[in-house]
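Down below is the structure, laid out as structure tokens.
The values are calculated or read from the model by the stated rules, or taken from the named source; none is laboratory data. Note that the structure is a prediction, hence the values are computed from the model and not measured. Because the Cβ atoms are built from the backbone with ideal geometry, glycine has one as well, and the counts that use them run over all protein chains shown. Side chains included, ligands, DNA and RNA excluded: accessible areas come from the protein's heavy atoms. Shrake-Rupley method; radii C 1.70, N 1.55, O 1.52, S 1.80 Å.
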Amino acid sequence: MAGIDKIIERIESDTKAQCEAIRKAAEENIAALMEKNESEANKKADAIISDAKREAQLIGEKAVSGSKQKANQIMLAAKSSAINEILSEALDVMDKMPDDEYFAAVLSLAVKYSGGRKGGVISFGERDLKRLPKNFEKKLSEAGCVASVSSVPNGNIENGFIMAFGDVEENCTFGALADEKRDILKEKIYQIIF
């Protein structure tokens, strides 16, 4: 019996180490993406703001009183445009991650959004379903997400996944997750680039 206990302890230890490694890798990937996006965002924001300032100066020469209001509108639009572009590019970067990084992020999201529920079904789009790692369900289970992967591609999913537990669905497509957090993300991006 002691041998079985040691084997179980070893499996638990190995699983915890793998989960920690996956979590650390995901955090490092996110940090690297944020750093890269922050740098690109600053460059793009500077260019957009520079263009907006030039346009505001021309308007100011024609009518000083009207130009202040117009400049404010242009600045807000430029900032909003920059933020939306950054969000769009971040989603594109996530979508184009190497398969191992992509599915490590998907695994992390599945564990988070399963909330410990069991018996879920995860649906992917055709592209992701084709490149899904062969042992993905096993990795899900080992990470604490007891769910099966539907073999039928969902035509409404571009990236990410939808997880269903009976009548309850968790939309974990990257677009839906970004929309859900859009205001928070916009505020953080705004603080970084402006």
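Some points to look at:
- In the range 129-191, Cα pairs under 8 Å separated by at least six residues give a relative contact order of 17 percent.
- Available extension along the chain between residue 55 and residue 135 is 23.2 nm, counting 0.36 nm per residue and deducting the alpha carbon span.
- Only protein atoms count toward the accessible area here, which uses a 1.4 Å probe; on the range 73-194, the carbon and sulfur part of that area reaches 51 percent.
- Contour minus Cα-Cα distance for residue 80 and residue 18 (0.36 nm per residue): 18.3 nm
- Computed from the C-beta positions of residue 146 and residue 36, the FRET efficiency with R₀ = 35 Å rounds to 0.50.
- Computed with a 1.4 Å probe over protein heavy atoms only, the accessible surface of the range 98-194 comes to 56 Å² per residue.
- Applying 0.36 nm per residue to the separation of residue 127 and residue 6 and subtracting their alpha-carbon distance, the gain on full extension is 39.4 nm.
- Taking amide hydrogens as placed 1.01 Å from N in the peptide plane, the amide H of residue 154 sits under 5 Å from those of 124, 125, 126, each at least 5 positions away in sequence or on another chain.
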